[in-house]
Structures are given as C-alpha cells and as structure tokens.
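The values are calculated or read from the model by the stated rules, or taken from the named source; none is laboratory data. All of these numbers come straight from a predicted model, not from anything done at the bench. Because the Cβ atoms are built from the backbone with ideal geometry, glycine has one as well, and the counts that use them run over all protein chains shown.
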Amino acid sequence: MERMDSYSARSTSDNDVIDLGQYIRILKRRKWSIALITLCFIALGIFYVSKATPIFQASAKIQADPVQPNATAQDQYIMNSMVFLFYETQYEIIQSRKVAETVVDKLNLVVRYKKEQAELKASGENESVISSIKKSIKELLPSDEAKQAPVELSDSQLRTMLAQAIQAGLTVNGGTQSQIINISYMNEDPALAADVVNAISEAYIEFGLESRLSQIKDTAEWLSEQLEELRITLQESEDKLRNFRLSQNLMDTEQQERLANTQLQTLNTELVRAQTQLSQAQELYAQVTQAERSGGDYRSIGPVLQSNTIRDLVREESTLSRKVQELSERYGEKHPKMIAARSDLASAQVNLDREAAKIVENIKNEYRAAQTQERNVRELIDQTRTDLQSYQGDSFELTRLEREVENNRRVYESFLGKLMEADVSGDYDASNIRIIDNATIPEFPVKPRASLIVAASLVFGVFFGVVFAFARELMGNVFRTPDQLEHELALPSLGVTPLVKKKKGSVEPEKQYITDQRSTFAEAINTIRTGLIFSNIDNPPKSILITSTNGSEGKTTLAINLAVALSQMDKTLLIEMDLRKPAVGKDLGIKADMGLSDLLSGKTDTNVFHQVEGAPNLSVITCGTIPPNPMELISSKRFANLLHSLRERFTHIVIDSPPTLPVSDSCVLAKMVDATIVAVKAEETKISMAKETITRLRKVNATITGVVLTQASPQKMSYYGEHYYQDSYYGVEKAKS
C-alpha cells in the first residue's frame, strides 16, 4: 500500500509538469521508425521527380494604364476613382475564354492539333508538341465519355477545348503596387509556352482596342440618331417661333426689351432735365411773385438785372435823370429844355418798365412751359411703362417659344460636339496597354523542382515519422517500464530482468545468476528478491508462485534465477509445475526420468530432488513424465500434502507454473502459495491480457505480491527515463579491473 500511495503521488506530480525530456526520449526510441518513414518519403519524392514530365513556364510583362490615351478630364477622374477595380477586371479579361480563343486562332492550334493527331495515328507514338493541351482536353471530357471510344470533335469544339486548356495553364498577377501585369503560362513545350504568352499579350491589346473602338462606334451611331431627331425638333421649334412673331407682329423679346429699356432711360433723363428746368423757373417765378407783392419793382429780379437791354436802359435813365437835375438847377420847370429833358426821362422810364415787364412775362411763360414739359414727360413715362407691361403680357408665349428654341439649340450643339469628339476618338488607335517584356523560350523547367520536392519529402517524412512515433506511443498496448506496470495493473513492480542477447559462447539467461553473481542480471534478480522479502517483512513468504500471461514471457528464467538467489540465503526448493511444457530440467541440464508427476501418481517413491552445480542450497523437482491430466494432479490432496511437507523442509519454495490465460493451473496453485509473482515480458505482453491475468488470479483470492518486467532492454527503457539505464556496480568494477 505504501508503494501504491507513493506511485499515485508521483503520477499526480508528473501530470502537473510537462516533461519535454519524455518527448525527446520517445523520439530517440522511435528514431529508426522515423528514419525509415523519412527515407520512404524521400524515395517517393525522388521517384516522382524522375518520372514527372518537365513543365516550362514562359512569362511576359505588360503595362496597363487605367486612363485611356484620349480620355477627357472627366473620364480620367472617373477612371482614377475606380482604379482599384481596374486591375481585377483586367485579370479576368486576360484569363477569359474570348482571349484564349483568339490565341487558338492566332497560333492555328486547331490545325496543329489535328495534324499531330493524324501523325500519332500513323506512327503510333504518344508524344506530341501540345501533349499537355490534349491531356487537359481529356480531363475536360466527362468520365463516361472518356471510357467510350474517341469521338470526332468539330473544329468549334476543339477550339473551345483548346481555349479552356490554355485558361487552365495561365497565371496573371501584379498591378497592385504598379501598373505592371505579369502573364505566365506553363506547358511541356517551352516554345509553345512562349508563343502562347506572346499571343495572349497581343490578343489582350487587340481586345482592348476593339472594345474601345466598338464602344466609340456604338456611341457615334447613337449620337447620330439622336442628333437627327434633335435637328428636326429644333427646326420645328424655330418654325413655331417665326410663325408666332409674324402672326402677332412681334419682334424679338430681347430686342423689344432693349428698346423699351432705352426709351425708359431716355424719358427718365428728360424727366430729370424737365424737373431741373421747372425748379429753376419756379425759383424765378417766386421772385416775380414776391416783387409783385412788394409794389411791382422787377428790377431786383436776377434775369432783369442780368439783361443787357435793361442795363442799357438803366444807364440811359441815369443819364437823363442827371440831365434833368442839372437843367432843373439851371432852368426852371417851365423851360423848354427842362420840359424836353423830363419828357425824355419819362420816355426812358417807360421803356425800362416795359422791358422789365417783358422779362417778367418771359419768366412766367418759361415757368408754365417747364410745368407743362415736366407733366408731359411724366405722362410719357407712365404710358411707356403701361405699354411695356401690356407687351410683356402679350409676349409670354413668345418668350416660351424662344426659350424652347434656345434649349433645343443648346442640346443640339452639345450632341453635335460629342459626335465630333467620337469621330476624332474613333480615328485614334493608340492603346493604354504596352508590352514591356515579350516572353522568351524558357531554358529550364519550373516543374518539378527537384530540390524543393526532396526537401518537402524530407520535411513530410520527418513530420509523419514523428506523428507515427507519438501515435504508436499513445496507442501502444504493451508494457515498457516498471512504472507502467504499476500504473496499469495497480500492483507494485518488484523489478526488471534485463534482456540477455544470445550470442555464441555466451551464458544462457537461465544460468546467468549461477555463472556470475556480480553481473547486471544477477543484481536485477537480487533487487526482485529484496522486493519479495520486504513485501511482508514480519512474515516473509515461503512458497512463491511464478506465472505469466502467456508462454515465452521469461517466467521460467525468472523462477530459476530467483530460486538460485534465494538459495544464497537459505535452503530453497524449485518445483517445475508446468506439467504441459516443462523447461526447468532442460534449462538446468538435469536429466531425470522421474519427477513430480511420477511422485504424485505413485509411479515412484524414490528421491526426486536434484542438485544444481553452483547452487548448493538449491534443490530442484522436475516435471518428470508429462501427465495426461495435469489439473487432477495439481488439485489433488496428495499434492497439497506434499507441498505442506516441503514447506517444513525448505525455507523458500519457488514454483514455476504454467501461464494463466491458456490454462487454469496457475489459478489453482495460487491459492496454495504465500505469494504470486506475475512475469510480464517487455514490449510484447498486451496490457489487456495482463489485466485479465490479474483478474483471474484475484477471483481465486490469490496473494499477488507484485509483477516483474522481464526481458527488458535497458537501452530502450532509457528512452523513458535515464534512471532506467544503470550498469551494475559490480559489473563496472569487474570491467575496470
């Protein structure tokens, strides 16, 4: 129980930590499997390279500008905004069936194919210039058709299938960071590959030109049709306008508006001038009115003062007045000269007043004329405005007709300009696609790439080898280490018996302990002996049964060597209880006609105990005559009594029993002994079978002391942990000495 508890604690601790060394040890243990799988993959890769048909790839570079050479500014803006879609569209065009069919026509592949087919039929050969294309055609045919007899295809069908074969081998890329597009084509024939790529480049350029010119042609035809309809519409609208003007006696609305505006401007100017004159006349008229109110003296009025005639009359009056003054001082009032002078003065004053009255009357007349003129101008303006409004009311229809004519003329001129542009563009055959590098005939194949395939084979071989190693490890159902025994069977592991390789002149495994008690094998047996004794320190087992799951698992070797090891401590008896296939006597070289079966059957009562050279404390009872009914002998009361008596004579009794699964002898014997040890062969015993063995023994309440891993290779176990690979201390010392 303590061993099981310690094992459980160790397992829990191991599950919590990832041991990389464990994986490395698994790879080391399976290194030859990994190497074999890797070599198989490399061999397959080399075989594929040797059998694969060389494939050549030809490439060409072209420059594709999204903007057409004769594109307008608006078209350039649209193309630049859609440039992210341009190159994806070009890839689809290059890989289209139309371009591929154009290549088929350019290279005359249909005729070449038919010619080669005829040559093949005549010569019976299997190779051709365009064999890959033919293979592609076969792949394109349905499976049912491929099984049938070959059907004669028409030129149209051959053209389509050859085009599809070209599409299958075509690769287009580039155009993401630059305007360069790479076109590549792979084929078995390098010359054909180069021809196809160059033909695709030319067909692509021709397709672009043809598409653009076809579009321009269609646009020009549509514009021509629309232009003719627009011309008729424009002519009809002009006729309607002309007829309406003639019927209504109207002139052009623009001309009429211009004349009306000019007339109104002139009248407004005249009104301002009339108002100015009226203001001036009104001012003079106010002076006249004021003079009349103050006594009728008009001489203070400006125009009167400014009149030359008035100034002359005033001077004359002044002269005559001075003359009268002088004559009045010289002569009297009655003097004729005085009378004449006064008569002249009066006449001059009358003339002055009459001239002043004329000027005043002129002022009044001018005032009245200014009023009349200002009023007339206002009336003309009002009349003109009224007439203009009346004319505008009558000219709505004229305006509508004129607008219709103008709109029709504008649309007509726009379509005419676009038609002229289309005609010019149709004559411009420059392409936005330019070939940078033409395809040349490739010198070296791109497929198969021997180095890459071999490297890939190596990588895949190692990968699948590692996967196989781990799969075998995970799916393995055999025992490899003592820890695995404890984990799977829930029993303590007493030890390991190393694998002893049989060589010429070497000691048999059964005599290893007798021959060399300082060997590694002997130390392993001592470890098992110690574990057995300490399994119950207070009451060590006296009778020990050695069994296994099946035969050839090393139980007899374990029984013989363990018995020899126990004999080093005290008297020990080895009983050969495998009555069906006895091997102890043969392995130890004991020649005896009588044995256990003879003793139990009563055939003899002589001494059946045999000694072994090199083990003085060891006695051996062999099988003797192989009985027809071993189970009856084993389960007999006589055998039970014999075993009881032997327990009193020997300190240790080791029983080599038959395997548990083939027969039930060991289950009967297990009930009679103190301890049962199950031998499990490393790398061979199935886990499920070992569990079945333990189950059968437990059903009969057998005391299973532990299990022993037999025929275990230390080197192989070292792959599961370095602690499994330990040289014998004594063996090392012996080697050194």
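Residue count for the stretch 601-639 under the criterion of being loosely packed, with under 13 Cβ neighbours inside 10 Å, of a type outside the set (D, E, K, R) and closer than 23 Å to Lys671 by Cβ: the result is 1.
Glu692 meets the stated requirement of being part of a helix (DSSP H, G or I), at pLDDT 80 or above and surrounded by 14 or more Cβ atoms within 10 Å (Cβ to Cβ).
Looking at this structure, is Glu92 in the same structural domain as Pro66 (by TED's automatic domain parsing), within 20 Å of Ile62 (Cβ to Cβ), at pLDDT 60 or above and part of a helix (DSSP H, G or I)? Before you say what the answer is, go through the steps one by one.
On the way: in the same structural domain as Pro66 (by TED's automatic domain parsing): yes; within 20 Å of Ile62 (Cβ to Cβ): yes; at pLDDT 60 or above: yes; part of a helix (DSSP H, G or I): yes.
Yes, satisfied.
Across the stretch 405-441, the qualifying residues are those that are of a type in the set (Val, Ile, Thr) and assigned to a helix (DSSP H, G or I), and the one among them that is modelled with the lowest pLDDT is Val424. In the condition set (1) touching a helix residue (DSSP H, G or I) at 6+ places or on another chain (Cβ under 7 Å); (2) modelled with pLDDT under 85, Tyr513 is compliant with all but (2). Test Pro662 against the stated conditions and say whether it is in contact with an Asp or Glu (Cβ under 8 Å, 6 or more places away or on another chain) and in the same structural domain as Leu545 (by TED's automatic domain parsing). Here the answer is no, as Pro662 does not meet what is asked.
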